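Heads up: the structure comes next, in structure tokens.
The values are calculated or read from the model by the stated rules, or taken from the named source; none is laboratory data. Please read these numbers as outputs of a predicted model, since none were measured by experiment. Here Cβ is always computed from backbone atoms with ideal geometry, including for glycine, and neighbour counts include all displayed protein chains. Note: areas computed on protein heavy atoms with side chains; ligands, DNA, RNA excluded. Shrake-Rupley method; radii C 1.70, N 1.55, O 1.52, S 1.80 Å.
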Amino acid sequence: MEEGRGHSVIVLQVWVFTAAAIFVGFLLIRKLRARIPNRLPPGPTPWPVVGNLLLLGRLPHVSFAKLAERYGPFMSMRLGSIDVLIVSSAKYAEEVLKTNDRVWTSRPRLSQNELLLYGSSNISSSPYGHRWRYARKIFTLELLTSKRLADFQESRRMIVLRALNAMLDECAGGRAVRVDLVIRKMLMTIVIKMLMNKGSLSARVEAFKDSDDFQQTIRDMFELLGVFNVGDYIAWLDRFDLQGYKRRMRIAAQKIDEFLQGIIDDHLERHKLRKQIGDKEEDYVQDLVDVMLTRPRDVDGQSLTIEEMKGIMEDVIFGGTDTSADTIEWALSELIRNPRVLHKALEELDSKVGRERLVEESDVPNLPYLQDVVKETFRLHPVGPLMIPHESTEASTIGGYEIPAKSRVFVNVYAIHRDPGRWEKPLDFYPERFLKQDKDLSGNDFDLLPFGSGRRMCPGKNLGLLSVQSILAVLLQACEWRLPGEQRIEDLDMSERPGLTMARKTSLEAVAVRRLGKQVIDNSGN
Ligand code: HEM
């Protein structure tokens, strides 16, 4: 009996001890877990092999924005075998692009960068390192300087005037034009002029530049630069090229290379001829290719390789055309849909510039309402809705999460620009909001980032902004815009199509009716 009771006491003691040990262990683990941050932020559970790839819809920025409503403004996803982070708030954008800017300055390896952009030899896709720093320095300090932008001001004006006159002639009699084609052609002519000021010596280059094949190649390049190639996320599928993207990339790359090489050969030939005849051409405005080819080696012996030069020419062509063209098309669409805003913009133009002369680039600083219309367009329709993906060069901690090196981040500018916590009635097109909330576009306000922020911020911002504001001003002042046939403004489709830049799904078609006298426009060319 005594022995039995002794046994029960021992069993009880073991139970109590075990329970106490489990309890203490639980408390310890809880405490430890509180101290050790989670490795990655929350996100949808990935499937084997594909991860969360199937959650990406036609417009990845919209899919990410919807998922962020559930998982929060800092979310992780697995695309194939790659962990990606999605930032959907100004607070986390600041953490990545400012607080941890040094860590998040690289770019991931993607097939389009390898195949279309000379193995990432251009600025926008180059990984972080001394070649990127070098090329970017030349781009900002020697190529796109304020002086050079001023040198090409007259050329820009003539190109815009010519396109405006052609469009007005085409619309005479009430015919509608595809506004996107008009603006794209205008901007392409401007950037080609900056690369090839004297035109080409080679008939082949000239013919290709003006051909439909060139337009098609450029359109293909834009589409291909923006695609999600499955092989970049599921490595073993890469060799099968299931979507056929890589095959198309190789074809487009070969055509564009012939064109760019043609421009370079042309310049070299011209420089040789000039040397032979000892021509100084003092009044000649050097184009960007002249500057790259004739700049002396740096003191440390560095210079741009031919591949890097061609990469930079691609940066100018792709950065300088669709980004601005899409923004202008969105702005015009919003203004047609919002007669109140259009009326105010026209009132400003009439009172500050009048109707006796065509508006000029130098008028833009005196047109604050027009500037706010452009800001509001960038807010609702950022043409780089996910910017360009950044990659981390080392491990970092963001929001308490430990993010390993070589992680990829998409900053969802589209979601940030529509965040109801930051913007009142975020879906309304209301430029007056900037009277209350002053925002600049230099990457200091993290709720408005159309050009990005930090070390990778767009180096073509000044040219982009100048083009958008001045061309929009001309199109508004010189033309009254009408929708064709019976189309009502409520019927204007404002949906987006996928691609490198976020363009309208359906092109804006409209009739441009003269608002200024023919004489006024013609005299502007003198
Ligand atoms: C409305 C006009 C434009 C918009 C909205 C725009 C927007 C952007 C955005 C969002 C980025 C990515 C920033 C990042 O990843 O952090 C970018 C990068 C870049 N843009 Fe633009 N851009 C415009 C015009 C231009 C122009 C005119 C050029 C050149 C002529 C240009 C050249 C570049 C280059 C080279 C980069 C890559 C920078 C780097 O990776 O270091 N952009 N742009």
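Some observations on this one:
- Residue that is surrounded by the fewest Cβ atoms within 10 Å (Cβ to Cβ), among those in segment 200-220 that are touching a helix residue (DSSP H, G or I) at 6+ places or on another chain (Cβ under 7 Å) and not hydrophobic (A, V, I, L, M, F, W, C): 204
- Conditions (1) under 23 Å from the mean Cα position of the chain (by Cα); (2) not in a helix (DSSP H, G or I): number failed by residue 174: (1)
- Selection from segment 138-147 of residues that are surrounded by fewer than 18 Cβ atoms within 10 Å (Cβ to Cβ) and either touching a residue at least 60 places away in the same chain (Cβ under 8 Å) or within 19 Å of residue 393 (Cβ to Cβ) (or both): 140, 142, 146
- Cβ-Cβ contacts under 6 Å between residues 6 or more apart (or on different chains), taken from a first residue in segment 384-396 that is more than 6 Å from the ligand (Cβ to nearest atom) to a second residue that is open to solvent by 20 Å² or more (accessible area, probe 1.4 Å) and of a type in the set (A, V, I, L, M), are listed as 392/405; 394/405; 395/405.
- Residue 208 over 17 Å from residue 50 (Cβ atoms) and in contact with an Asp or Glu (Cβ under 8 Å, 6 or more places away or on another chain): yes
- Among the residues of segment 399-410, the ones that are within 16 Å of the ligand (Cβ to nearest atom) and either surrounded by fewer than 21 Cβ atoms within 10 Å (Cβ to Cβ) or not aromatic (Phe, Trp, Tyr) (or both) come to 3 in all.
- Taking the conditions (1) in a helix (DSSP H, G or I); (2) aliphatic (A, V, I, L, M); (3) more than 19 Å from the chain's Cα centre (by Cα); (4) modelled with pLDDT under 90 in turn, residue 201 satisfies each one other than (1).
- Unique match (being β-branched (Val, Ile, Thr) and farther than 26 Å from residue 497 by Cβ) among 62, 103, 87, 50: 103
- Members of segment 329-349 that are open to solvent by 50 Å² or more (accessible area, probe 1.4 Å) and over 26 Å from the mean Cα position of the chain (by Cα): 339, 340, 343, 344, 347
- Scanning segment 204-242 for residues that are farther than 21 Å from residue 122 by Cβ, outside any helix (DSSP H, G or I) and out of contact with any Gly (no Cβ under 8 Å at 6 or more places or on another chain) yields a count of 2.
- Search result, residues across segment 107-122 that are open to solvent by less than 30 Å² (accessible area, probe 1.4 Å) and of a type in the set (Lys, Arg): 107
- Only residues that are near the ligand (Cβ under 7 Å from one of its atoms) and either polar (S, T, N, Q) or within 20 Å of residue 330 (Cβ to Cβ) (or both) were counted across segment 450-466, and they come to 10.
- The condition of being away from the ligand (no atom under 12 Å from the Cβ), in contact with a helix residue (DSSP H, G or I) (Cβ under 9 Å, 6 or more places away or on another chain) and closer than 28 Å to residue 505 by Cα holds for residue 85.
- Candidate set: segment 183-198, residues that are open to solvent by less than 60 Å² (accessible area, probe 1.4 Å) and farther than 29 Å from residue 333 by Cα; chosen: the one farthest from the chain's Cα centre (by Cα): 197
- Filtered residue count, segment 256-290, keeping only those that are within 27 Å of residue 211 (Cα to Cα) and either open to solvent by 70 Å² or more (accessible area, probe 1.4 Å) or not charged (D, E, K, R) (or both): 17
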